[in-house]
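Heads up: the structure comes next, in structure tokens.
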Amino acid sequence: MGLTILRYGAGRSPLGSMDEVPAFALDDALAAVRAGGFDAVVIDLASDGTDTSDAVAEIRSVDDDLPIIIRTSLAGAGAATGALEQGAADLLLDDEDEDAEVLLRHVIRTVHHHRDRRDSHDLLDGHDRLTGAVCGAVLRDRLDGAVARAQRRRELLALVVVDIDHLDHIGATGPAARDELLRTTAHRLQGALRATDTLGRFGGAELLLLLENVGTRSDARRAARRCLESARGSLLLGPTMVEPSCSAGVAMFPDHAETAETLLQVALDSLADGRLMGPGSLVVASHPDAAGRLRAHHVLSP
């Protein structure tokens, strides 16, 4: 997996097999963090044992979600205590003859651990910091409440499951690119929603659009297509310009399901049919056939 690392401090040997951007002055490092696009910061601790805790604090004041790793020799490990207390994520002990691949694996593990811990916190909090979407128990409560309201008011409710096309391919260039694509897509989708609608994050990469009181079935289809169109538009991810698109599966209450759980499953099944059609597809579940099975109906595709 590719990583983009900001290297700050005394120039030790490269970590290898990753994109490393050097910054020898703190002001340069802070400017780079503000510009974004990094998976982690590696601070090379000076051989004279200079305290780096202030640098850690300043970097965290710019981006408190960016993992910071202190790289030092065994002899200088004691000087890293202040940096760890200021919020550095890990300590990388590195003698000059250390295998570069071993160091690389250590950095990758630290980045993954940091992201897993962040995602777990978001699930407990019910709010995804990356996308701004609701998630976890809060999302389930929103879905249950929307179904109950639609049933009580005899309104039409649409659930749209959105999948970003080619996300895994783009994500192979590094977590920062994947995160930026998810963040931007969620922001664009949110801009196409009404105040009464809900944007949720389900699983690692799928986004949910909960559209209440959508009027008619045609209105629901048009709203779903409008949201997909809003996600389009050139996006610069690092040095690469991409043209993102999304596919979606749609299920409606009460047409396709009587419970929130079933509604979600039908929408996911419709999305699976859409993936077979290719990027940019929108698939709405059809009415049950005579045997009670739902047939996917291809509404719009590129």
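Read-outs throughout are calculated quantities, based only on the coordinates presented, and are distinct from any laboratory measurement. Please read these numbers as outputs of a predicted model, since none were measured by experiment. As a convention, Cβ positions derive from the backbone with ideal geometry for all residues, glycine included, and neighbour counts pool all protein chains shown.
Near the amide H of HIS127, within less than 5 Å, lie the amide hydrogens of CYS135, all on another chain or at least 5 residues away, with H placed in the peptide plane.
With a cut-off of at most 16 other beta carbons within 10 Å, and DSSP calling the residue loop, which trypsin sites (Lys or Arg not before Pro) in the stretch 188-256 qualify? Please list them. It would help to have the intermediate numbers written out before the result.
Working: sites: ARG188, ARG194, ARG201, ARG217, ARG221, ARG222, ARG225, ARG226, ARG232; in loops: ARG194, ARG232.
The qualifying sites are ARG194, ARG232.
Start at zero, step by 5 Å, and the Cα-Cα distances of the stretch 127-300 spread as 1, 9, 19, 22, 21, 15, 8, 4, 2, 0, 0 percent across the bins.
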